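Following: one structure in structure tokens, then a few remarks.
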């Protein structure tokens, strides 16, 4: 069975446990800004803002970071090296992939997983430069979500296979930040997306359908509290204001939901809007960007744009 079929079978097993009773609400018209090339591995996994109305994405299957202009034009900024060991197998998914992304000015940090210690970890590059490895992460893990604390420069990387979160210093030193049991999987993917918000680290857990938070400093750092449940198949998310309300991509359900802040999840986007396995969400002002990777649909990876729904 090839890597895509392995991924599809595993994800569909989670989709079978779809959460009933999630409310649905209309949002302003959504449109697909750009359609990507599935055969070329252009499966957008993570998205961050850039200048002049553009955004940057990781192409999971192409090992690339690309800029998407406001006009939908695609420019590849960097391609990570192919695994040196052809026998290496990436945990859970079976193929080398780029996942979490952080941009600091012209400098980028990106997570790369290959199943080999030579490549798995945090990579960095300056726009126009060659990517280099910045920090090692375990080869038997699957680094997935990435967030940066602007106050300290510390990067926080989730590991969906090992169910932990790592802290990476500005000098590239790595330690386990948290091994809280709430981060673990129940059979497939554990802790997934990551965001720093109001001085706290928020993460999602795909298998458990939860969003969790912890302070990044003090005695309770690394001890997670659940802030939202009922989010079957959640991948990554982004906040819509100063509180704890967020939009989340439910990759196995082909929906985006509005949740958190004490509210029940409310569906705001579906396949009818163009979603095809939504992997992450970016809220910038009143505009929402949603990449779809088409992991299991195997149809139309894209970047969808819409306006922020009413809360």
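Scanning region 30-53 for residues that are within 22 Å of residue 273 (Cβ to Cβ) and outside any strand (DSSP E or B) yields a count of 7. Taking the criterion of being touching a strand residue (DSSP E or B) at 6+ places or on another chain (Cβ under 7 Å) and in a strand (DSSP E or B), the residues of region 259-284 that qualify are 259, 260, 264, 265, 266, 267, 268, 269, 278, 282, 283, 284. Name the residues in region 35-49 that are more than 14 Å from residue 288 (Cα to Cα) and surrounded by fewer than 19 Cβ atoms within 10 Å (Cβ to Cβ), would you? Of everything in region 35-49, those that are more than 14 Å from residue 288 (Cα to Cα) and surrounded by fewer than 19 Cβ atoms within 10 Å (Cβ to Cβ) turn out to be 35, 37, 39, 40, 41. Among the residues of region 64-81, is any in contact with a strand residue (DSSP E or B) (Cβ under 7 Å, 6 or more places away or on another chain), part of a strand (DSSP E or B), at pLDDT 95 or above and closer than 19 Å to residue 161 by Cβ? No.
Annotation note: Cβ proximity below 6 Å between a residue of region 107-118 that is free of Cβ contacts under 8 Å to residues at least 12 places away in the same chain and at positive phi and a residue that is part of a strand (DSSP E or B) and surrounded by fewer than 23 Cβ atoms within 10 Å (Cβ to Cβ) (sequence gap 6+ or interchain) occurs for no pair. Taking the conditions exactly as written (at pLDDT 95 or above, on the phi > 0 side of the Ramachandran plot and within 20 Å of the chain's Cα centre (by Cα)), does residue 41 satisfy them or not? When the stated conditions are applied, residue 41 passes them.
Inside region 108-132, residues that are in contact with a strand residue (DSSP E or B) (Cβ under 7 Å, 6 or more places away or on another chain), more than 15 Å from residue 154 (Cα to Cα) and surrounded by 17 or more Cβ atoms within 10 Å (Cβ to Cβ) make up a count of 6. Confirm whether residue 198 is surrounded by 21 or more Cβ atoms within 10 Å (Cβ to Cβ) and in contact with a strand residue (DSSP E or B) (Cβ under 9 Å, 6 or more places away or on another chain). Here the answer is no, as residue 198 does not meet what is asked.
The values are calculated or read from the model by the stated rules, or taken from the named source; none is laboratory data. Values in this document were obtained by computation on a predicted structure and should not be read as measured data. Methodologically, a virtual Cβ is constructed for each residue, glycine included, from the backbone with ideal geometry; neighbour enumeration extends over all protein chains shown.
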